[in-house]
Every structure is written in C-alpha cells, then in structure tokens.
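The values are calculated or read from the model by the stated rules, or taken from the named source; none is laboratory data. This one's a predicted model, so the numbers in the text were calculated from it and none came from an experiment. Virtual Cβ from ideal backbone geometry, glycine too; neighbours counted across all protein chains shown. Keep in mind that these areas ignore ligands, DNA and RNA; they rest on the heavy atoms of the full protein, side chains included. Shrake-Rupley method; radii C 1.70, N 1.55, O 1.52, S 1.80 Å.
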Amino acid sequence: MTEKKMCMYCAHWYHFSVMTPLYEQGKTYIEYYCERCTPAVKDNLMKLPYWSLYTWGNKGSDNKSST
Ligand SMILES: [Zn+2]
C-alpha cells in the first residue's frame, strides 16, 4: 500500500496529502498533481474549450478511505 501519488504533469511521486486531485466528467480515473504543477495545470485547463468537464478536488482529499 502506498500513500504516494504520481503527478501527471512532472511524473514525480509525492505523498497524496500534497496532491490535488482532478476529476474528469464521465471518467472514474482521477489524476493527481503536485503543489508545484497544479497552478500550471489549472492555467492550461482554462485554455481548453472543454475545461468545464474537469473538476478540481481539495488538496489531500482522497475518495478512497485510507488510514
Ligand atoms: Zn508535478
């Protein structure tokens, strides 16, 4: 079991408590971005015509119950 998530932007692994989840409508897969990359990813998303399909979660939140 790992509490680390890979940032989809820089491909580095960080503890999930510092990762921001990004949910895409219609998909169950959740992408995670590290603190450093989240601002850049948000910026890029806003330029996409379909950015409204994406929803940012709260940093460190995980829909799986874990301890
Ligand atoms: Zn990153």
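Here are some notes:
- Per residue, the accessible area of the chain comes to 73 Å² when a 1.4 Å probe rolls over the protein heavy atoms.
- Low-density loop positions, trypsin sites (Lys or Arg not before Pro), the stretch 1-48 - DSSP coil, at most 14 other Cβ in 10 Å: LYS27, ARG36, LYS47
- Mean residue ellipticity (222 nm) of the chain, computed from DSSP H runs ≥ 4 via -39,500 (n - 2.57), nearest 500: -4000 deg cm²/dmol
- 3J(HN,Hα) from dihedral phi, the stretch 7-12, Karplus parametrisation 6.51/-1.76/1.60, rounded to Hz, x for glycine, proline: 5, 6, 9, 9, 6, 9
- Loop-located chymotrypsin sites (Phe, Trp or Tyr not before Pro) in the stretch 3-67 whose Cβ has at most 14 other Cβ within 10 Å (DSSP): TYR29, TYR50
- Take every Cα pair under 8 Å whose residues are at least 6 apart in sequence, average their separation, divide by the length of the stretch 4-56, and the relative contact order is 35 percent.
- For the chain, with all protein chains in place and a probe radius of 1.4 Å, 56% of the accessible heavy-atom surface sits on carbon or sulfur.
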